[in-house]
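Notes for the one structure printed next.
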Amino acid sequence: MPDREAILTYLSENPGTAGKREIARAFGIKGEDRIALKALLAQMALDGEIKKKGKRLEQPGELPSTLVLDIVSRDRDGGLLARPVNWNEAEDGKVPVIAIRQPKGRNDVIAGVGDRVLAKTDRDHDQRRRGGPQMARVLKLLDKRKDAVLGVVRRTGNEIRLEPVRKRQDEVILDAQGLGTAVDGDLVEVQVSAIGRHGLKHGSVIRVLGSLKSEKAVSMIAIHVNAIPHVFPDAVLADAADAKPVHSSQKLPHEDWRSLPLITIDPPDAKDHDDAIHAMADPEDPTGHVVTVAIADVGWYVRPGTPLDFEALKRGNSVYFPDRVVPMLPERISNDLCSLKENEDRPALAVRMWFAADGRKRRHEFHRILMRSHAKLAYADAQAAIDGAGSDKARDALDPILKPLWQAYACLKRGREARGPLELDLPERKILLKPDGTVDRVIIPERLDAHKLVEEFMIQANVAAAETLEQKKQRLIYRIHDAPNLSKLEALREFLRSLNIQLARSGNMRASQFNGILAQVSGSDREELVNQVVLRSQSQAEYNPANIGHFGLNLLRYAHFTSPIRRYADLIVHRALIGALGLGAGAITPEQEAMLEVIATDISITERRAMQAERETIDRLVAGFMSEKIGETFSGRINGVTRAGLFVTLDDTGADGFIPISMIGDEYFRYDESQHLISGEDSGSNYQMGQKVEVKLVEAAPVAGALRFEMLSKGSAGKRSMRSRPTNERQRRGRNNSSAKHRPR
């Protein structure tokens, strides 16, 4: 007869499959001994050691061999922790916390905090008996719940509906008894239940997330839709509050560089300053330059394994909206102790670089320093001083600081031109808001040499960081950017051929080859089109401890080092440098080194999440701004062509909208993917990406960030298609109207 421990071990090793019969067979129990086994199992059930589910026996709280988990946090060593999605505390006891095994093989699934996964539990009974955690291995990443949606409560008379926050999401009818505390204008999460008589789903409010009547309501939608952590836990705030500023009287591992006239150059509304710069002629080579880039020493305050560190990794990066910032670190750290404020002592990691006259970097060295910013300037002010104007502060810094910076930039620019990075000309728009959080206007800021100077200095500092860590054989996270894949290159080549532009069939493409293509169309009416198509042919940059280089920058090794206040990748590089160079406390730990693959995947995901949230917020703000202009006409460019219709970007606001193919013309249109155009079968008129058009705004959905236009411009002349086409007007209209459902939602 087995004892209780043996039975519990057996049940643990055979979850969900063992009953009285299986236990008897496993232990060779026959005849009258089965009566004794039955009595033992009954007593174990009374004592709460086991429970019965149908004919099966299991331990209370025992997990099935496979189950769905939500990954909710990390442990103190950075490992992932998860909880079962469906768990009945009344029957099964306290919700278990499950540790996710670190992926080892190439085919292992990599997950991160916030993911929902299908996992296989590890039946390590001995480990659990010793007090160790239940372990599980991820089998598959699952989509987020499809039965819960976000939207805004809208009451019209006696009817209450959920206005969707997604463009392709249907409205949901909300029953009054399922509203809870939600009122008109609230952003809510709704559990969808059944289909109503109008063909729309019904739902009940699960959570009220906030009111859209606040100033920062639009970004709040993006925060919740994309599950961006935006409230710091108490432990994290307490950790930040305990941090103290450094003083020169302290015994620090930092060299005293406070006399070096480093300055910060940032946007005028910047609240945190994580980089400062200085340049001078090289004393050893009058034709060369010495450039110093100092970066806030975030690693001094944010140590591995602390609440601050766990929260920073969870967030991955700061998220920048037009109306607010969701920072990676609390303001006590990001806007205060680590911000390189004017005339205040701050710890920093600095790299000093020596450049030859041709812009080639000859050598560099890293230092951990105590610095003091000698001036805080805005880009436009610094540029104005160089151009002969500027504020008094900028003019005071002109001769001793700014002119040497611009002279060094002229040198580095020669090196950049020789390197040949990808030079796409795609202007970025900036939204200016009114005090109430609505759009005042949309502008395209001028691209100044001051911007390019700081950008090139930062690129060189990032390269130096990667080179030093490689030399020291220290693992790091690279910023990698792969070359375009073969299918994208072939599609681009076919498109360019239609414009009589040749793209060489080279085995190893270089960014300079794309620059040659862009130069051919510079200043022509095809410039916008070709820039967009070349951009879409490129791969997406990411973080990875395995280096493949950076195609766009045409660099063999590149790591993010210059923004540790807002990017976790940079903090990892700082810690790696501190450890590799023996610069004191705050070095990377062996445990964190072992997790670099997982960390790189996590922060690549959070970066893409932030980009999507920022883009969605801009779409919603602009759609709200445009909602008062229904019926007006606008000029714009086609920026996307699909079988369903055209995407158009307006010239003055940068607003993006859709034109269903049914609202383009009274004929059947054929779609040519390779040339990014649609062509009318009867008229032969074409609409192609990059083409300038006039459109009328016919609908706006601000909450979803969607606009719908009507085409006013005639297509460009093209060849009439000789392919078979619908034989009568009704057939033609019917085929076009199949796309009429594409409405902004």
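Of note:
- Every Cα-Cα pair of the chain was included, and the share exceeding 44 Å stands at 39 percent.
- Nearby aspartates and glutamates by direct alpha-carbon distance to Lys376 (threshold 13 angstrom, same-chain neighbours under 8 apart not counted): Asp266, Asp269, Asp272, Asp274, Asp275, Glu342, Glu344, Asp392, Asp396
- The alpha carbon gyration tensor of segment 329-385 gives principal lengths a ≥ b ≥ c with a/c of 1.5 or higher and a/b no greater than b/c, which makes the shape oblate.
- Tensor-based shape of segment 223-379 (alpha-carbon gyration tensor, a/c under 1.5 rounded, otherwise prolate or oblate): prolate
- Taking every C-alpha pair closer than 8 Å and separated by at least 6 residues, the mean separation divided by the residue count of segment 188-287 gives a relative contact order of 13 percent.
- GluC sites (Glu not before Pro) within segment 190-286, DSSP loop, no more than 13 other Cβ atoms inside 10 Å: Glu284
- Helical contribution to [θ] at 222 nm, DSSP H n ≥ 4, -39,500 (n - 2.57), averaged over the chain, rounded to 500: -8500 deg cm²/dmol
- Rounded percent of accessible protein surface that carbon and sulfur make up, the chain, 1.4 Å probe: 48
- What the chain shows is 48 Å² of accessible area per residue, with the surface traced by a 1.4 Å probe over protein heavy atoms.
- In straight-distance terms, cross-link reach from Lys30 covers every one of the aspartates and glutamates whose alpha-carbon lies under 17 Å from its own, apart from those fewer than eight places away in the same chain; here that gives Asp3, Glu22.
- For the residue pairs Lys244/Lys452; Lys341/Lys361; Lys167/Lys692; Lys430/Lys692, the alpha carbons lie more than 31 Å apart in Lys244/Lys452.
The values are calculated or read from the model by the stated rules, or taken from the named source; none is laboratory data. Quantities reported herein were computed from a predicted structural model and do not represent experimental measurements. All Cβ positions, even for glycine, are placed from backbone atoms using ideal geometry, and neighbour counts span all protein chains on display. Remember, those area values only see protein heavy atoms, side chains included, never the ligands or the DNA or RNA. Shrake-Rupley method; radii C 1.70, N 1.55, O 1.52, S 1.80 Å.
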